[in-house]
Structure formats: C-alpha cells, structure tokens
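Data block below; observations after.
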Amino acid sequence: MSIALEIKGLTASVGTVEILKGVDLDVPFGEVHALMGPNGSGKSTLCHVLTGKSDYEVGGSARLDGTELLGKEVDERAALGLMQAFQYPVEIPGVRLEEFMREVGVARGEDPGAFGEQIAAQAERFGVTDFLRRSINDDLSGGEKKRSEMFQMGVLSPKVAVLDEIDSGLDIDAVRQVAEAVEQLRSPDVGILVITHYSRILGHMAVDKVHVMMQGRIVDSGGAELADELEDGGYDAVRSRLGIEAPKKEAAAPSVRDTLTDLPF
Ligand SMILES: Nc1ncnc2c1ncn2[C@@H]1O[C@H](COP(=O)(O)OP(=O)(O)OP(=O)(O)O)[C@@H](O)[C@H]1O
Ligand SMILES: [Mg+2]
C-alpha cells in the first residue's frame, strides 16, 4: 500500500509562537481519513503549510507520493497533485467556473475537446452544471460552494485532496451530499484528508481512519468509533483517556466598564 501523503515531525511557527509541534500523519492512496480537533488546535495551519502559504517557519517533512513538498512553490505542489478545498472558499466575481476550468486544462496541456467533455461529465456527476456559467463561488450557498470544489477535484484528479471543514455551515441534506461527493472522489489514485468538527458527516462516508489533533500534534488515531467518542464525551473524554491536560483558560480581560471609568462621561 503506497502512501499518498506522508507527514513526519512537521512543525510550523509564526515568530515565537509554535503552532504545529511535530505532526505525524499518513494517508495511503485509496483511503479517506478524517482530522478532528478543537478550535485553534492547528488543523487549518496544517493545510496552509501543506499548500505552501509563506507565513510560517516550517520544519520536518511532508511528502506527496514520495516527493518532498516543503520548500517547493505553491504551484509546484499543485502540479505534483496536491489540491485543497479551503474552510472559506474564495469568491472570484467575473471569472466563470467553466472558463477557469478550461484555462487550467490549457495550463496542464490537456486536449481542449476531451477536457471540455470531462468538465461537462464531472459537472453532471457533482450536480453543478448550472454553476458552470456563473462566477466562481460568487453568490453560491455554502453547500453549493463545497460541491463546486468537489467538482473541481473530480476534473483535476489530485493525488492528495485536503478538505478543510467541508461540512461547516451546511444543512443536514448538504452534509450528506458533500459526504457522497467525497465518496465519489475516492479512488485508488488519491488519498483524501477531510477536516471536520462533526461526526455526522462521517456517518455518510466510509472513513478509513480518524485522527485527533490537539495543541499542534496528532494525539490519537483510530476508526470511526473515535468520532463517536468525541460526539459523546467531547475532547475532554479523549484528554482524560490520554492523560492530556486541558489548555489553560486565558486570564479574564478587563471589562469594558472598568476600562471606561476614566473617561469623562
Ligand atoms: N499567521 C498566523 N499568525 C499567528 N497565529 C496564527 C497564524 N495562523 C494560525 N495562528 C494561530 O494558530 C492556532 C491554530 O490555528 P488554526 O487556524 O490552524 O486552528 P484550527 O484547528 O483550524 O481551528 P478551527 O477549528 O477554529 O478552524 C490559532 O491559535 C491561531 O490563532
Ligand atoms: Mg480551521
């Protein structure tokens, strides 16, 4: 079984703040893994570091199908087969989705006719045919945006797909549709990492592994039952099972009333 995404000892800091403190995570080809973790634990930072966002001082290793990603430019990583759907998909008014996809095809040296057919077929498959003529993500609902991103992945066939918070803000039906779209993306040629806060979406897909991130590290990995444990007992259940101390609450900030007492009114 070969590994699509192999992360070892990955660290990321901004100035003196260490956000990722040695992440180890493997996603084999053909598998769908879920990454869960409390707010601020470093999940989106992991995505940004994999894509090559330049804000971070990074260390360790992240390999895509055996090739080191760290140190490469954003477009080189994409060319190697890394694709991400972001927590907040960007809207690009004035650029039609179909036009954009065709341009990507040209940049990749694809045959325009065959690529056009592929766009139409995948649009049908992911139920986004109506969006092809519209600007990218402009005025699409949250669920529609996510479906549009899945469609782009369906056309471009990445080797590694990372989907940050694909179910946040979606209604119950849209969560199921997005989960089904992830299952449609599954193939022996791709490893998929799905970041989510809710076990609900995992009920609609056959997730192979669940990983839990806390304070910049993967602290536990297991099957879908791990997501159920989180649903029932929250992160405290996992913390107490693993003997991890809960993060200290920030000291209370001065109240607005205290701050305003010196003002002349
Ligand atoms: N560029 C940056 N500069 C300073 N701090 C940052 C930067 N990027 C991320 N952080 C901090 O790193 C921590 C992890 O953030 P991150 O967005 O990765 O969390 P997350 O696990 O995705 O949380 P959520 O579940 O809320 O999306 C947070 O405390 C965040 O404020
Ligand atoms: Mg996040």
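Given R₀ = 51 Å, FRET efficiency for Glu117-Ile244 by Cβ-Cβ distance, to 0.05?
Details: r = 51 Å, r/R0 = 1.01.
So, using R0 = 51 Å, E works out to roughly 0.50.
Could you give the dipole magnitude of the chain about its Cα centre, charging the beta-carbon of Lys and Arg +1 and that of Asp and Glu -1, in debye to the nearest 20?
Working: 27 positive and 45 negative charges, 66 e Å.
So the magnitude is around 320 debye.
Place +1 on the Cβ of every Lys and Arg and -1 on the Cβ of every Asp and Glu in the chain, take the dipole about the Cα centre, and give the residue among Thr129, Gln118, Gly142 whose Cα lies farthest towards its positive end.
Farthest along the dipole direction, towards plus: Gly142.
What is the set of long-range amide H partners of Gly22 at a cut-off below 5 Å, with H atoms built 1.01 Å from backbone N?
Long-range HN contacts for Gly22: Leu10, Thr11, Ala12.
If the elastic network links every pair of Cα atoms under 10 Å, which of Ser54, Ser44, Ser240 fluctuates the most in the Gaussian network model of the chain?
Ser240
Taking the alpha-carbon distance from Lys21 and a cut-off under 18 Å, which aspartates and glutamates remain once sequence neighbours fewer than 8 residues away in the same chain are dropped?
Glu6, Asp55, Glu57, Asp220, Glu245
I'd like the Karplus ³J(HN,Hα) series for segment 137-142: coefficients 6.51, -1.76, 1.60, θ = phi - 60°, whole numbers in Hz, and an x wherever there's a Gly or Pro.
Here the 3J(HN,Hα) series is 6, 6, 6, 7, 6, x Hz.
Considering amide H positions built from the backbone, and no H for Pro or chain starts, which residues 5 or more places from Ser168, or on another chain, come under 5 Å of its amide H?
none
Given a 10 angstrom Cα cut-off, can you work out which residue in Pro158, Pro188, Pro247 is the most mobile in a GNM of the chain?
Pro247
So, how do all the Cα-to-Cα distances of the chain break down into 10 Å bins, in percent, from 0 on up?
7, 27, 33, 21, 8, 3, 1, 0
Around Gln84, which amide H atoms from residues at least 5 apart in sequence, or from another chain, sit under 5 Å from its own amide H, with H modelled in the peptide plane?
Residues meeting the amide H criterion: Val162.
Of Asp26, Asp171, Asp65, which has the largest mean-square fluctuation in a 10 Å C-alpha GNM of the chain?
Per the Cα network of the chain with a 10 Å cutoff, Asp171 tops the list.
What distance in nm separates the simple spin-label points at Glu231 and Tyr88, each placed 7 Å from Cα in the Cβ direction?
That separation, rounded to one decimal, is 2.9 nm.
Provide the per-residue ³J(HN,Hα) series for segment 122-133, in order, calculated from phi with Karplus coefficients 6.51, -1.76, 1.60 and θ = phi - 60°, each as a whole number of Hz, with x at glycine and proline positions.
5, 4, 4, 4, 9, x, 10, 3, 5, 7, 4, 8
Using 0.36 nm times the number of residues separating His204 and Ala224, minus their current alpha carbon distance, what extension gain do you get?
Numbers: separation 20, 0.36 × 20 = 7.20 nm, distance 1.13 nm.
Full-extension gain reported as 6.1 nm.
Past 26 Å, Cα to Cα, is the threshold; run Lys72/Lys248; Lys53/Lys145; Lys53/Lys248; Lys53/Lys159 against it and keep the listed order. Walk me through the intermediate numbers first.
On the way: Lys72/Lys248 36 Å; Lys53/Lys145 22 Å; Lys53/Lys248 29 Å; Lys53/Lys159 19 Å.
As for pairs spanning more than 26 Å Cα to Cα, those are Lys72/Lys248; Lys53/Lys248.
Where a number appears in this text, it was derived from the coordinates with a stated rule and is not lab data. These figures come from a predicted structure and were not determined experimentally. Neighbour counts run over all protein chains shown; Cβ positions are idealised from the backbone, glycine included.
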